[in-house]
1. What residue, among those in segment 17-56 that are surrounded by 15 or more Cβ atoms within 10 Å (Cβ to Cβ) and of a type in the set (Ser, Thr, Tyr), is nearest to the chain's Cα centre (by Cα)?
2. Go through segment 1-40 and count every residue that is polar (S, T, N, Q) and at pLDDT 85 or above.
3. I'd like the full set of residues that are of a type outside the set (Lys, Arg), touching a residue at least 24 places away in the same chain (Cβ under 8 Å), assigned to a loop (DSSP other than H, G, I, E, B) and closer than 19 Å to PHE58 by Cα, limited to segment 83-131.
4. Report yes if LYS66 is surrounded by fewer than 16 Cβ atoms within 10 Å (Cβ to Cβ), among the charged types (D, E, K, R), part of a strand (DSSP E or B) and in contact (Cβ under 8 Å) with a residue 24 or more places away in the chain, otherwise no.
5. Quick one: SER28 ticks every box in (1) of a type in the set (Gly, Ala, Ser); (2) part of a loop (DSSP other than H, G, I, E, B); (3) touching a helix residue (DSSP H, G or I) at 6+ places or on another chain (Cβ under 9 Å) except a single one, so which number is it?
6. Given the criteria of a type in the set (A, V, I, L, M) and under 30 Å from LEU131 (Cβ atoms), does ALA27 qualify?
7. Suppose we filter segment 70-106 for residues that are surrounded by fewer than 21 Cβ atoms within 10 Å (Cβ to Cβ), farther than 21 Å from ALA33 by Cβ and of a type in the set (A, V, I, L, M); how many remain?
8. Which of the residues that make up segment 35-54 are in contact with a Gly (Cβ under 9 Å, 6 or more places away or on another chain) and closer than 12 Å to ILE77 by Cβ?
Amino acid sequence: MKQPKKPAKSAKDWPYQEREGVTIIRASYDDRAEWTLDPKGYFTIKPFYKEKKIACRFYTNDHKRKYLIYGDHARDIYNTIVRMGLVSRLEHAAYLGKELMKAEIAMKNDLHFNQDEELDLKKKATKKDYLYYHQ
């Protein structure tokens with residue numbers, strides 16, 4: 001297992017004083033050094049704009065699709081995933097929450113969504129985004 005990079009003990013660019021005894025830590029993450037595959041499997045996420053639904057497909061690590069979990073809200077989907085025991089790593093659960101919320105925001109605002117990319121609040125969904133899964 002890869003060891004995550006230790007955060008800096010103090011952050012020179014934090015503009016505010018903190019109480020005595022509180023350590024200020026600048027958050028960081030290095031995808032290449034810290035990312036680890038969840039032994040349970042992985043997910044693909046897609047908003048369905050017209051239907052106002054988010055779909056999340058679960059695959060085992062040998063690329064077999066096992067579940068399609070869908071809902072109206074990110075929280076319904078990620079809580080279902082956790083309840084089903086489909087994630088074993090905390091950072092995977094955090095990642096899913098972030099990506100599902102991005103998909104919900106994109107769906108509600110007719111924005112283009114691409115998993116693992118920043119959500120561009122100026123980029124509207126295209127005709128291709130409205131298709132089922134583009135394969």
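The values are calculated or read from the model by the stated rules, or taken from the named source; none is laboratory data. Predicted model only: the values in this text are computed from it and were never measured. Neighbour counts run over all protein chains shown; Cβ positions are idealised from the backbone, glycine included.
1. Only one residue tops the list, namely TYR42.
2. The number of residues fulfilling the criteria is 3.
3. Across segment 83-131, the qualifying residues are GLY85, LEU86, VAL87, SER88, PHE113, GLN115.
4. yes
5. Condition (3) is where SER28 drops out.
6. Criteria not met by ALA27.
7. Summing the residues that are surrounded by fewer than 21 Cβ atoms within 10 Å (Cβ to Cβ), farther than 21 Å from ALA33 by Cβ and of a type in the set (A, V, I, L, M) in segment 70-106 gives 4.
8. Listed by number, the residues that qualify are LYS53, ILE54.
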